[in-house]
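**Student:** Quick one: the structure is below, questions incoming.
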Amino acid sequence: RNSCVSDSSDSVISSGSDSDGQIYKVVLLGEHGVGKSSLARVFGGVEDGHDGDETGNTYDRSIEVDEEEASILLYDIWEQDNSQWLKDQCMKMGDAYIIVYSVTDKSSFEKASELRIQLRRARQSENIPIILVGNKSDLVRSREVSVDEGSACAVVFDCKFIETSANLHHNVRNLFEGIVRQIRLRKDSKEE
Ligand code: GDP
Ligand code: MG
């Protein structure tokens with residue numbers, strides 16, 4: 001539509017509607033320790049083994065969803081510093097959001113609701129895709145939030161819901177496919 005950063009050697013500039021060239025900005029939100037960076041690394045295809053607590057990463061990756069390529073720029077920057085400015089930026093910049101809590105930590109679940117409310121306030125008139133994610137589903141014995149509580153919360157907050165395990169790579173692919181589908185749905189309904 002606007003810019004034409006050409007990624008091919010031929011000189012044809014594809015305009016608009018073509019789906020490649022479209023990059024979706026997806027922002028991870030959630031309390032410290034819930035597994036945002038772990039999910040981001042799985043998504044980014046980063047080898048396991050280093051469990052650094054580094055913050056401020058973005059991951060750029062294309063995935064094929066419903067036979068169509070989609071590029072995602074995933075931002076794991078929510079905890080990069082404590083400035084209000086960055087938090088405000090995060091709330092403004094996303095095309096979609098992943099709000100993560102840990103199923104082993106009730107307070108992170110409550111924090112997720114708060115984040116959902118903040119997001120709604122920041123983007124009032126917009127109908128942005130949000131997925132609520134209950135991570136660490138592998139930790140069966142220390143579970144504090146049930147699947148039912150998670151999905152009920154998602155209904156109240158009008159967003160999608162999925163449980164994942166970054167450690168087992170369980171549902172991580174589904175999570176990102178779900179994000180892409182939601183973004184496409186909203187876009188299509190806007191354009192009509
Ligand atoms: P962040 O602070 O939200 O970025 O969380 P991290 O990704 O740094 O994860 C915090 C801790 O939880 C690390 O020790 C991870 O190894 C662990 N963790 C993350 N995801 C999972 C998971 O799905 N299952 C289990 N058992 N541990 C996890
Ligand atoms: Mg982190």
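The values are calculated or read from the model by the stated rules, or taken from the named source; none is laboratory data. Bear in mind the structure is a predicted one, so any value in this text is a computation, not a measurement. FYI the Cβ positions are ideal-geometry reconstructions off the backbone, even for glycines, and counts take in every protein chain you see.
**Student:** Checking the condition surrounded by 12 or more Cβ atoms within 10 Å (Cβ to Cβ) and out of contact with any strand residue (DSSP E or B) (no Cβ under 8 Å at 6 or more places or on another chain), which residue from Arg141, Arg186 passes? It would help to see each step written out before you state the result.
**Tutor:** Numbers: Arg141 fails: surrounded by 12 or more Cβ atoms within 10 Å (Cβ to Cβ).
None of the other options fit; the residue is Arg186.
**Student:** Same structure, new question: Go through (1) in contact with a Gly (Cβ under 7 Å, 6 or more places away or on another chain); (2) under 30 Å from Glu68 (Cβ atoms); (3) in a loop (DSSP other than H, G, I, E, B) and name the single condition Val145 misses.
**Tutor:** (2)
**Student:** Of all residues being free of Cβ contacts under 8 Å to residues at least 12 places away in the same chain and of a type in the set (D, E, K, R) in the range 55-80, which is nearest to Leu28 (Cα to Cα)? Just the residue, please.
**Tutor:** Here is the first cut: in the range 55-80, the ones free of Cβ contacts under 8 Å to residues at least 12 places away in the same chain are 62, 64, 67.
Pick out the ones that are also of a type in the set (D, E, K, R) and you get 64, 67.
Details: Glu64: 21, Glu67: 25 Å.
The selected residue is Glu64.
**Student:** Any idea which of Arg173, Arg121 is assigned to a helix (DSSP H, G or I) and at pLDDT below 95?
**Tutor:** On the way: Arg173 fails: at pLDDT below 95.
Result: Arg121 is the single residue among Arg173, Arg121 that is assigned to a helix (DSSP H, G or I) and at pLDDT below 95.
**Student:** Would you mind telling me which numbered condition in (1) away from ligand 2 (no atom under 16 Å from the Cβ); (2) touching a strand residue (DSSP E or B) at 6+ places or on another chain (Cβ under 7 Å); (3) over 22 Å from Gln89 (Cβ atoms) Thr164 fails?
**Tutor:** (1)
**Student:** Looking at Lys111, is it surrounded by 13 or more Cβ atoms within 10 Å (Cβ to Cβ), in a helix (DSSP H, G or I), within 16 Å of ligand 2 (Cβ to nearest atom) and at pLDDT below 95? Even if it seems obvious, please write down each step before you answer.
**Tutor:** Working: surrounded by 13 or more Cβ atoms within 10 Å (Cβ to Cβ): yes; in a helix (DSSP H, G or I): yes; within 16 Å of ligand 2 (Cβ to nearest atom): yes; at pLDDT below 95: no.
No: the conditions fail for Lys111.
**Student:** Here's something else I'd like to know. Select from the range 17-55 the residues that are modelled with pLDDT under 95, over 15 Å from the mean Cα position of the chain (by Cα) and either within 16 Å of ligand 2 (Cβ to nearest atom) or under 20 Å from Thr164 (Cβ atoms) (or both) and list them in ascending order.
**Tutor:** Gly45, Val46, Glu47, Asp48, Gly49, His50, Asp51, Gly52, Asp53, Glu54, Thr55
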